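Just below is one structure, and these are the notes that go with it.
The values are calculated or read from the model by the stated rules, or taken from the named source; none is laboratory data. Quick caveat: nothing in here was measured; it's all calculated off a predicted structure. For neighbour counting, all protein chains shown are included, and Cβ atoms are generated from backbone atoms with ideal geometry for every residue, glycine included. Accessible surface is based on the protein model in full, side chains and every heavy atom, while ligands, DNA and RNA are left aside. Shrake-Rupley method; radii C 1.70, N 1.55, O 1.52, S 1.80 Å.
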Amino acid sequence: EISTEANIEAGKAYNFVLALAEPGEKIEFDVEDVTEWDEYPVYEGKTVNVDGVAALDAAIQNPDVTAVVLTEDINLATRATTIGLTIARDLILDGNGHKIVSSHDRAINVSGAENVTFKNLVIEATGERAINLIQGAKKVTIEDVTAASANYTVNVAASAPDANITISNSRLTGLNTVNIAGANAVVTINDSTIICND
């Protein structure tokens, strides 16, 4: 009798080889305590599932990663900065139904990136801005996102001219919820609720 344990991870392939001393011997497999797979979205390129602030930071800073999928809620409250999170390159951030919580002045800065997508995400920002485009950020897609902030939930700073923002199937709440200071910005809003408390 041979007994072994294997830690099998989703998205990986495994090949088990068993060599027997006597050919023709019967082999029986008994599998116990198999947990259900968690189905996370997979995108073209390298997708990384993250389960905390450190893992999120590492994934965002890794240039090989094209998509980040949250596997749990992320609380940025431990950061002693004015910015909760900075995305400075093309990336898909899929909340997978989870939320990012931030009390920072800017919950998420998009800085200089050509193409960033937020989807299936809840952003609870008690600070001034939830998603803030700066320093030449170009295209931002906000899809199936629920977000709230104290003032500008989506803000395009003057340093991000020619920005292209698409908001779809989302619910955004703030004082001045969608604020455009960058010149020549194009904002497209489809099937969404925008609540301005001003």
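Some values worked out for this structure:
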{"quantity": "Pick from the stretch 109-124, criterion β-branched (Val, Ile, Thr) and within 11 Å of the chain's Cα centre (by Cα), ranking: nearest to Ile167 (Cα to Cα)", "calculated": "Thr117"}
{"quantity": "Failed item, numbered, when Thr146 is tested on (1) touching a Leu at 6+ places or on another chain (Cβ under 9 Å); (2) open to solvent by less than 50 Å² (accessible area, probe 1.4 Å); (3) among the β-branched types (Val, Ile, Thr)", "calculated": "(2)"}
{"quantity": "Strands (runs of 3 or more DSSP E) lying entirely in the stretch 105-198 (those with 1 or more residues that are aliphatic (A, V, I, L, M), farther than 25 Å from Thr81 by Cα and modelled with pLDDT of 95 or more)", "calculated": "164-168, 186-190, 193-196"}
{"quantity": "Residue selected from the stretch 52-76 under the condition part of a loop (DSSP other than H, G, I, E, B) and out of contact with any strand residue (DSSP E or B) (no Cβ under 8 Å at 6 or more places or on another chain), by the criterion farthest from Phe118 (Cα to Cα)", "calculated": "Pro63"}
{"quantity": "Looking only at the stretch 88-103, and only at residues there that are at negative phi and open to solvent by 10 Å² or more (accessible area, probe 1.4 Å), the one that is farthest from the chain's Cα centre (by Cα)", "calculated": "Ser103"}
{"quantity": "Residue in the stretch 1-12 that is modelled with the lowest pLDDT, counting only those that are closer than 30 Å to Thr71 by Cβ and either among the aromatic types (Phe, Trp, Tyr) or open to solvent by 100 Å² or more (accessible area, probe 1.4 Å) (or both)", "calculated": "Thr4"}
{"quantity": "Where Thr66 falls short, out of the listed (1) closer than 28 Å to Ser159 by Cβ; (2) loosely packed, with under 13 Cβ neighbours inside 10 Å; (3) among the hydroxyl-bearing types (Ser, Thr, Tyr)", "calculated": "(2)"}
{"quantity": "Output for the stretch 77-103, where each listed residue is of a type in the set (A, V, I, L, M), assigned to a strand (DSSP E or B) and within 15 Å of Val65 (Cβ to Cβ)", "calculated": "Leu85, Ile87, Leu91, Ile92, Leu93"}
